[in-house]
1. Among the helices (runs of 4 or more DSSP H) lying completely within the range 67-160, list those that include at least 3 residues that are within 21 Å of residue 293 (Cα to Cα) and at pLDDT 95 or above.
2. Of the numbered conditions (1) free of Cβ contacts under 8 Å to residues at least 40 places away in the same chain; (2) more than 22 Å from residue 75 (Cβ to Cβ), residue 268 fails exactly one; give the number of that condition.
3. Condition (residue is modelled with pLDDT of 95 or more and surrounded by fewer than 17 Cβ atoms within 10 Å (Cβ to Cβ)) applied to the range 209-221: is it met by at least one residue?
4. Of the residues in the range 161-175, how many are in a strand (DSSP E or B) and either over 15 Å from residue 139 (Cβ atoms) or in contact with a helix residue (DSSP H, G or I) (Cβ under 9 Å, 6 or more places away or on another chain) (or both)?
5. I'm trying to understand the selection: among the residues of the range 61-85, which are more than 22 Å from residue 277 (Cβ to Cβ) and free of Cβ contacts under 8 Å to residues at least 40 places away in the same chain?
6. Quick one: residue 228 ticks every box in (1) under 22 Å from residue 172 (Cβ atoms); (2) touching a helix residue (DSSP H, G or I) at 6+ places or on another chain (Cβ under 7 Å); (3) in contact (Cβ under 8 Å) with a residue 60 or more places away in the chain except a single one, so which number is it?
7. Go through (1) more than 15 Å from residue 162 (Cα to Cα); (2) in contact with a helix residue (DSSP H, G or I) (Cβ under 9 Å, 6 or more places away or on another chain) one by one and return the number of the condition residue 135 breaks.
8. For residue 155, state whether it is closer than 18 Å to residue 112 by Cβ and touching a residue at least 12 places away in the same chain (Cβ under 8 Å).
């Protein structure tokens, strides 16, 4: 109701009093807005950086993995990051992943970001943003520094206008997600490049290469913690560790202590889910409705342990 609705039966002063009461009653009649827990990556990582804990990004391209990770996060009250990667889109495309991950994140009881990891093309990243992802990684790490800066800066400008966070990478972690694909070489992050890269791109998170790899480690990794310390002394941006699966608890916690906020996990939950399915099939045969909950529970168990190791348990509560 507006003042245009005033008629001759109410004097102006009485009408204004009536209008004020009407609008107040109308506001009381409105249902309370539901708190939406889908947030962007920066919102989650800024809290982790300030309070000194790590947050897991778990690749969750099917419903069993997503449910397992979300149940772990809600049970432990941990902030969490759902993810997939361009190399995994053959398992589940962007639109299909968004169709179940976005609603799950919105209805969660803990903060959840939805991240596209290792996106290699502008088209793929923009598609993810349009589909509802709240964070994207533009992986131009094999390009020359100037080209990496130019592409990430352009994507950050585009994404930030839409409330979406951007992760970039300096240095290069070998292999694609899960340790598959062609070996792409390893290049440690050069600390001397960090300040220029972060300032010119305005990214929200920086993936660094300090000795980790994607996939299953064939030998014990040796992490360059001194390099991590130097990078942290140069920038206060959020730092990301790829290839978190297979690292010891001591290694993970040391990385978090010296500046890592986001730890990417795929291989550990992939193996757990696959082995749960394999054990059942070997003993009882292929029965999908029996296998599915076992896979979910296996993923949840691993995710709970990771969240405990990362120090994120209880951090969703303020």
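The values are calculated or read from the model by the stated rules, or taken from the named source; none is laboratory data. Computed from a predicted model, the values in this text were never measured in an experiment. All Cβ positions, glycine included, derive from the backbone under ideal geometry; neighbour counts span all protein chains shown.
1. On the way: elements: 94-106, 122-131, 145-160.
Hits in the range 67-160: 94-106.
2. Going through (1) free of Cβ contacts under 8 Å to residues at least 40 places away in the same chain; (2) more than 22 Å from residue 75 (Cβ to Cβ) one by one, residue 268 breaks only (2).
3. Narrowing the range 209-221 to residues modelled with pLDDT of 95 or more: none.
No, every residue in the range 209-221 fails to be modelled with pLDDT of 95 or more and surrounded by fewer than 17 Cβ atoms within 10 Å (Cβ to Cβ).
4. Going residue by residue through the range 161-175, those that are in a strand (DSSP E or B) are 165-170, 172.
Remaining after also requiring either over 15 Å from residue 139 (Cβ atoms) or in contact with a helix residue (DSSP H, G or I) (Cβ under 9 Å, 6 or more places away or on another chain) (or both): 165-170.
Qualifying residue count for the region: 6.
5. Step one: list which residues in the range 61-85 are more than 22 Å from residue 277 (Cβ to Cβ), which gives 73-81.
If the condition is that a residue be more than 22 Å from residue 277 (Cβ to Cβ) and free of Cβ contacts under 8 Å to residues at least 40 places away in the same chain, then 74 is the only one that fits.
6. All conditions pass for residue 228, except number (3).
7. All conditions pass for residue 135, except number (1).
8. On the way: closer than 18 Å to residue 112 by Cβ: no; touching a residue at least 12 places away in the same chain (Cβ under 8 Å): yes.
Answer is no for this residue.
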